[in-house]
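I have placed the structure first, in the form of structure tokens, so that the comments after it can refer back to it.
The values are calculated or read from the model by the stated rules, or taken from the named source; none is laboratory data. Owing to the predicted nature of the structure, the values given are computational and were not obtained by experimental measurement. All Cβ positions, even for glycine, are placed from backbone atoms using ideal geometry, and neighbour counts span all protein chains on display.
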Amino acid sequence: MLYQLHEFQKALLQPVSSWARAASEAFIDASNPASKVPGSERLAAGYELLYRLGKHYKKPEFGIRSVQAHGREVAIHEMTTIAKPFCNLLRFKRFSDDVEVIKKLKQDPVVLVVAPLSGHHATLLRDTVRTLLQDHKVYITDWIDARIVPAEDGSFSLDDYVHYIQEFIRTIGAKDLHVISVCQPTVPTLGAISLMASAGEDTPASMIMMGGPIDARKSPTAVNNLADQKSYEWFESHVIYKVPPNYPGAGRKVYPGFLQHTGFIAMNPQNHLQSHWDYFQNLVRGGDDGDAESHIRFYDEYNAVLDMDAKYYLDTIKTVFQDYSLPNGNWKVSDELVKPQDIKKTALLTVEGELDDISGSGQTRSAHALCTGIPKDNKDHYEVAGAGHYGIFAGRRWREKVYPKIKTFIREHQPAQQKTKARLPKLDSK
């Protein structure tokens, strides 16, 4: 019933939001007499804020058309490599008409970014992808909103998530691949690579794990405490709802995105209130357009949320945040025990933010204690001073501190054949 009430509220707000947008434009249009009304700037700003608070936020696009790579601007073409019911594997193909640049692009390492399936779309990692494209061939997991997946496609579990990652790794090619998992997927990614190692398969050249709950018992945050204090049955009865009839996934049980979004806001309500107030004040003053645009870009992304299949969500709550199955050594995926100690040929880098309030200090670093088969020289850890959760994969700290560390680590652990190829001297054409 809650989902239906949410949809009803959204339907009621849409006309109000549209009217607010029209009113805002009327009060700033110089050709409209309404713009001459005393206090029109405040009225316009107020209506604009009302519009943004009430509008429906659709899934954003990555919108990466070009990047600077090897000293030249190269075009980017986004393409789907694999399409599955709950996820598309996207590739950002780089193009150039400069022969020398093309040679360098071909020699760049291959990276798979495993984006989180935790409420937001993969586009939240746009800055991550754009930065990586300067020096890497980039793939990313683009998770699909469960409410648009028809019920006949079945449910999606944490085991399925692991199998998806394995399929993507095999398709791209494990030997020359570097896998970067951000937040939630650090656990299923470690599970996927562990199982591949146990089966004697090729595993990626490196795995970079950023801000994830490998062992959620370390420095527990508000997110961890909620999952630990409430029973599995509580989550099943209080946050799981059926998708309404107006979506392709009608009848599917999900953890709705709007509930996840409410939880995000509740963690830092004062910060969001201040941000909206600053936006309002900026509009009233007619201040820096860059600040307003920055606010709009952030909340267009932050307010766009997706539903998660109930099976996957509940599996994650129990496995990761209640039973701590991975660090306890008893996690099974499709009846196969996950053994991180079997990983021997994949280098490991863990990254944590000093001020991360979602994945606490030490949670990601715990991967080192589990991966005992990886030689010490092939392991590294980096704590980003002054960075919160989002700061380790987006923004200035990501670009200036984290990315250089990751870039260096990847090149240090490139397969020998690729390193040799990159150093080959140019042949005399004569």
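For the reader, a short list of remarks on this structure follows.
- Scan of the stretch 203-225 for residues that are surrounded by 16 or more Cβ atoms within 10 Å (Cβ to Cβ) and farther than 22 Å from H368 by Cβ, ordered by number: V223
- Any hit, the stretch 207-219, residues being out of contact with any helix residue (DSSP H, G or I) (no Cβ under 8 Å at 6 or more places or on another chain) and at pLDDT 90 or above: yes
- Among residues of the stretch 392-412 that are in contact (Cβ under 8 Å) with a residue 24 or more places away in the chain, those with a beta-carbon under 8 Å from a residue that is in a loop (DSSP other than H, G, I, E, B) and among the acidic types (D, E) at least six positions away or on a different chain give the pairs I392/D356; K407/D135.
- Checking every residue in the stretch 54-76 against the condition of being of a type in the set (A, V, I, L, M) and in a loop (DSSP other than H, G, I, E, B) gives at least one match.
- Positions within the stretch 225-252 being touching a residue at least 24 places away in the same chain (Cβ under 8 Å), of a type in the set (S, T, Y) and assigned to a helix (DSSP H, G or I), in sequence order: Y232
- Selected residue [out of contact with any Phe, Trp or Tyr (no Cβ under 7 Å at 6 or more places or on another chain), buried (at least 17 other Cβ atoms within 10 Å of the Cβ) and over 27 Å from V138 (Cα atoms)] from L348, L337, L355, L370: L370
- Single residue of the stretch 77-90 satisfying the filter (in contact (Cβ under 8 Å) with a residue 24 or more places away in the chain and either small (G, A, S) or surrounded by 20 or more Cβ atoms within 10 Å (Cβ to Cβ) (or both)) that is nearest to R147 (Cα to Cα): F86
- Residue match in the stretch 305-314 (condition: of a type in the set (G, A, S), more than 25 Å from F62 (Cα to Cα) and at pLDDT below 70): no
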